[in-house]
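What follows is a short report on a single structure.
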Amino acid sequence: MSLHAIAPTASAGPTFTALPPLSLYVHLPWCVRKCPYCDFNSYEARGPLADIEYVDAVLRDLRSELPNVQGRHVQTVFIGGGTPSLFSAVAIQRLLRGLAADLTLARGAEITLEANPGAVDAARFAAFRAAGVNRLSIGIQSLRDDRLRALGRVHDSREARRAVELARTAGFTNINLDFMYALPNDDSAGALADLEQAVELAPTHLSWYQLTLEPNTAFERRPPPLPADETVAEIETRGRELLAAAGFVRYEISAYSRAQSECAHNLNYWRFGDYLGIGAGAHGKITLPAMQAIERRAKTRNPRTYMETVGAPAACNAQRLTEPRAIAVEFLLNALRLLEGVPQEWFVERAGLRIEAIAAPRREAVDRGWLVNEPGRLRATPAGREVLNRLLELFV
Ligand SMILES: C[S@@+](CC[C@H](N)C(=O)[O-])C[C@H]1O[C@@H](n2cnc3c(N)ncnc32)[C@H](O)[C@@H]1O
Ligand code: SF4
């Protein structure tokens, strides 16, 4: 516990006077094969995909959530996985029709779908577009075939390039590409060559993640040879320069975008907005002003059990956050990932706490050079972002 733990507020818990924007996350859990580094709630698809049955379960899940979001408009939808592009056109159409029937989607809402280059085809992309998907996020990871093999990917670089071409042909103009760096046996020349080729594919957005060894993955059990810290630091410094020179603005730790092409869905998470989470293992966060609480909701992870039990109380683990410190830390954990930080009014509005509650740890973080000394804004310095967990400990 830090010396500067959050000061007690006048009331014991948070007070919410306004509601933040609302998003919707839909989890589709199957993949062609499980990648050895991946700890997402995803499963190798064995046999025919129960995609229609699953979509119907997801729509039942949505109906069970509606009482929590009466009258609110949904600003963004993200269909993630897993590999949503494995789902048939009919299943995705059914999903989007069902969402539109039960929810009010904001005009021009961003609707993203994740695709794996090993599970795409022209007709399916065209049907996804026609069904209302207006942003594609394609998991490419690398354009070096030896690295793709080392990552256990089901596609090669030719298929990855083809996926981007197919997306364009289908009419997608808003395209994110996921790339990873610090791959097994990686060097800085290879990683930067990857990034150059990513830029040549001319996406509107790039997510550039450092490969991490996650618990309960094949890579954690048998770690591949990863590059040294100095190599990783060099890749990051030069990679960020390369992306900036190519016109990509870094707006979050791993997110880079062209002007006006930030991912509105992810921005809502980082800005501590609300979101419904439907599908196996999906997480949601909803502000409940009547309860003066934030509710975190998590669905059953196993897809089969999920489909059988969805909508029943046991299929959803709900936890109410009322403890000011826990809420403040969650708020900052998200907001301080953003390079521009957030206006401090959002702390008051979305964490439901008085700004004085964090005055002492905030001062301490400024003194340590971890927070920018900027009235009206909560923003980490580059040094603060590097040690985000230590920075957050000041607020615990
Ligand atoms: C749900 S996946 C995206 C779509 C699709 N399943 C695919 O892999 O092509 C989200 C992204 O997270 C990133 N990712 C997954 N595991 C990671 C890890 N251990 N370290 C860093 N990034 C990871 C990958 O870039 C991946 O594309
Ligand atoms: S395809 Fe994506 S979600 Fe599926 S196992 Fe690989 S990284 Fe994970």
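Values quoted throughout were computed directly from the atomic coordinates according to the rules given, and no laboratory measurement underlies them. Just so it is clear, the model here is predicted, and its values are computed rather than measured. Cβ coordinates were reconstructed from backbone atoms using ideal geometry, including for glycine residues, and neighbour counts include every protein chain displayed.
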Exercise for the section: Apply 1/(1 + (r/R0)^6) to the Cβ-Cβ distance of D146 and N216, taking R0 = 25 Å, and write down the FRET efficiency to the nearest 0.05. Expected result: 0.45
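Take every DSSP beta bridge with both residues inside the chain and express the antiparallel ones as a percent of the total, to the nearest 5. Each step should come with its number before you reach the end.
Values: 23 of 59 bridges.
Of those bridges, close to 40 percent are antiparallel.
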Exercise for the section: Evaluate the distance, in nm, between pseudo-label points positioned 7 Å from the Cα of L333 and of E196 along their respective Cα→Cβ axes. Expected result: 4.0
Practice task
Name the residues whose placed amide hydrogens come within less than 5 Å of the amide hydrogen of Y43, ignoring near sequence neighbours (fewer than 5 apart) on the same chain.
Solution key: W30, C31
Problem - Segments 194-204, 299-309 sorted - mean Cβ within 10 Å per residue, highest first - result: 194-204, 299-309
Handout entry: Estimated distance in nm for a label pair at R250 and T309, the labels positioned 7 Å out from Cα along Cα-to-Cβ
Key = 4.3
Completion exercise
By Cβ neighbour count within 10 Å, fewest first, W346, W208 rank W346, W208
Handout entry: Ellipticity estimate at 222 nm from DSSP helix runs (n ≥ 4, -39,500 (n - 2.57)) divided over the chain, nearest 500
Key = -10000 deg cm²/dmol
Handout entry: Phi-based couplings in Hz for region 370-383 (Karplus 6.51, -1.76, 1.60; Gly and Pro marked x)
Key = 9, 10, 6, 7, 9, x, x, 9, 10, 8, 7, 7, x, 5
Problem - Computed over the chain: relative contact order in percent, which uses C-alpha pairs under 8 Å that are six or more apart - result: 22
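Using 0.36 nm per residue, how much length does the chain from A122 to E393 gain when fully extended, once their Cα-Cα distance is taken away?
Values: separation 271, 0.36 × 271 = 97.56 nm, distance 4.86 nm.
Between A122 and E393, full extension yields an extra 92.7 nm.
Just subtract the alpha-carbon distance of R325 and V154 from 0.36 nm times their residue separation and send over the number in nm, one decimal. Could you put the intermediate results ahead of the total?
On the way: separation 171, 0.36 × 171 = 61.56 nm, distance 4.36 nm.
Gain on extension, R325 to V154, equals 57.2 nm.
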Problem - Mean separation of Cα contacts under 8 Å (6+ apart) over length of region 46-168, as relative contact order % - result: 25
Handout entry: ³J(HN,Hα), Karplus 6.51/-1.76/1.60, whole Hz, each residue of region 148-164, x for Gly, Pro
Key = 4, 5, 4, 8, x, 6, 8, 10, 10, 5, 5, 5, 5, 5, 5, 4, 5
Problem - Dipole-positive endmost among Y269, I79, A115 within the chain (Cβ charges, Cα centre) - result: I79
Handout entry: Length released on extending from M291 to E53, taking residue separation times 0.36 nm less the Cα-Cα span
Key = 82.2 nm
Practice task
Putting +1 on Lys and Arg Cβ atoms and -1 on Asp and Glu Cβ atoms, find which of A101, G47, F179 reaches farthest to the positive end of the dipole of the chain.
Solution key: A101
